[in-house]
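So the structure is just underneath, and the comments pick up after that.
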């Protein structure tokens, strides 16, 4: 029989939280709303200096509740920010689904994770379920760069298993693999000339960049690897041959060797194309985050599977092509998986979540606490 949660309270809190504006690097209102909720549950709550480090209005919230039994320390994490358009959200309930009014996203990514965690802890306390030490981490600026997690002092955490509520797929989905990402920035220097009087005296940096792009392997490279050039900027006027173009892109792979090869391929194409036109390029490659790969031998995966089966869920072990705060925390030494929340069409104005999936997510967190 599923662990009991207060379904109406969960729904009400979800609706409350999605209506709090909480853009990336502007999570102050959300942090201020969550602090008293956590303190009322007996957590010791601290806010770190991530906000100051990244130019934001709030830091990560770290909440700790000592255990009532000997057990591995568990970490539950969700992020407080959301993508745009995410201000002034007006949630609507229709046919068992929660959605926005169509002018904004819903922010189930990641308010569903926050609400599920809070309801699970409340229910565990109300039912006197013994538990080990619990650590909650609500991060800032996850969207677009994992900046809050990257700025976190992980020595504040002692967890032995982490659960990040931040994925699509039905509840019972357990993501155990995610790729590393490299960022690639290139500045191509052409030669300016008057486009109407003497175009032959110029070398168009835009044309050089375009030629490089036609030679570059992009998109889905293989089952583990993707690549993209997502930003191009250059030129100053239609009557000037552009002498400068900036390109920014990325490569991702769950295989480190494939990632290195793809990034090197992109760099070599840019450099060789520039050399063929007699111009120069400055190319910088940086690491954004590391990959992680867990197996069923890891306790965090075993616990997630055991809890899913206890609830009668069909557990699904999956990998992802996206990055999340779990990449950062795995890299800091806490084995962590990402759990599906059942939301759909995230990052769009069609985003929605079935009420049943929101309830299942809270029950799942509660069962994990009990099974630990």
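The values are calculated or read from the model by the stated rules, or taken from the named source; none is laboratory data. Predicted, not measured: the structure shown is a model, and the values here were computed from it. Using ideal geometry, Cβ is built from the backbone for each residue, glycine included, and neighbour counts are taken over all protein chains shown.
For the structure I just gave you, tell me whether residue 101 is closer than 22 Å to residue 16 by Cβ and part of a helix (DSSP H, G or I). Outline the logic, then answer.
Numbers: closer than 22 Å to residue 16 by Cβ: yes; part of a helix (DSSP H, G or I): no.
Here the answer is no, as residue 101 does not meet what is asked.
Only one residue in 338, 317, 329 is surrounded by 24 or more Cβ atoms within 10 Å (Cβ to Cβ), part of a strand (DSSP E or B) and at pLDDT 95 or above. Which one? Break it down into steps so the answer makes sense when it comes.
Working: 317 fails: surrounded by 24 or more Cβ atoms within 10 Å (Cβ to Cβ); 329 fails: part of a strand (DSSP E or B).
Answer to the check: 338.
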*Out of segment 210-253, which residues are in contact (Cβ under 8 Å) with a residue 40 or more places away in the chain and in a helix (DSSP H, G or I)?*
211, 212, 215
*Could you tell me which numbered condition residue 113 fails, if it satisfies all but one of (1) touching a strand residue (DSSP E or B) at 6+ places or on another chain (Cβ under 6 Å); (2) over 18 Å from residue 35 (Cα atoms); (3) surrounded by 24 or more Cβ atoms within 10 Å (Cβ to Cβ)?*
(2)
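Name the one entry in 324, 288 that is under 21 Å from residue 113 (Cα atoms) and under 13 Å from the mean Cα position of the chain (by Cα). Spell out the reasoning first.
Values: 288 fails: under 21 Å from residue 113 (Cα atoms).
Every option except 324 fails the conditions.
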*Which of the residues spanning segment 243-268 are surrounded by fewer than 19 Cβ atoms within 10 Å (Cβ to Cβ) and farther than 25 Å from residue 146 by Cα?*
244, 265, 268
_For segment 271-280, check the following and say yes or no: at least one residue is farther than 15 Å from residue 212 by Cβ and assigned by TED's automatic domain parsing to the domain that holds residue 202._
no
*When you scan segment 169-203, how many residues do you find that are out of contact with any helix residue (DSSP H, G or I) (no Cβ under 7 Å at 6 or more places or on another chain), assigned to a strand (DSSP E or B) and within 22 Å of residue 323 (Cβ to Cβ)?*
6
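Yes or no, residue by residue, for (1) over 21 Å from the mean Cα position of the chain (by Cα); (2) closer than 30 Å to residue 263 by Cβ; (3) without any contact (Cβ under 8 Å) to a residue 60 or more places away in the chain:
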| residue | (1), (2), (3) |
| --- | --- |
| 293 | no, yes, no |
| 311 | yes, no, no |
| 320 | no, yes, no |
| 329 | no, yes, no |
| 334 | no, yes, no |
| 361 | no, no, no |
*Inspect segment 158-168 for any residue being in a helix (DSSP H, G or I), at pLDDT 95 or above and crowded, with 24+ Cβ neighbours inside 10 Å and give the result as yes or no.*
no
*Of the residues in segment 127-145, how many are in a loop (DSSP other than H, G, I, E, B) and buried (at least 23 other Cβ atoms within 10 Å of the Cβ)?*
3
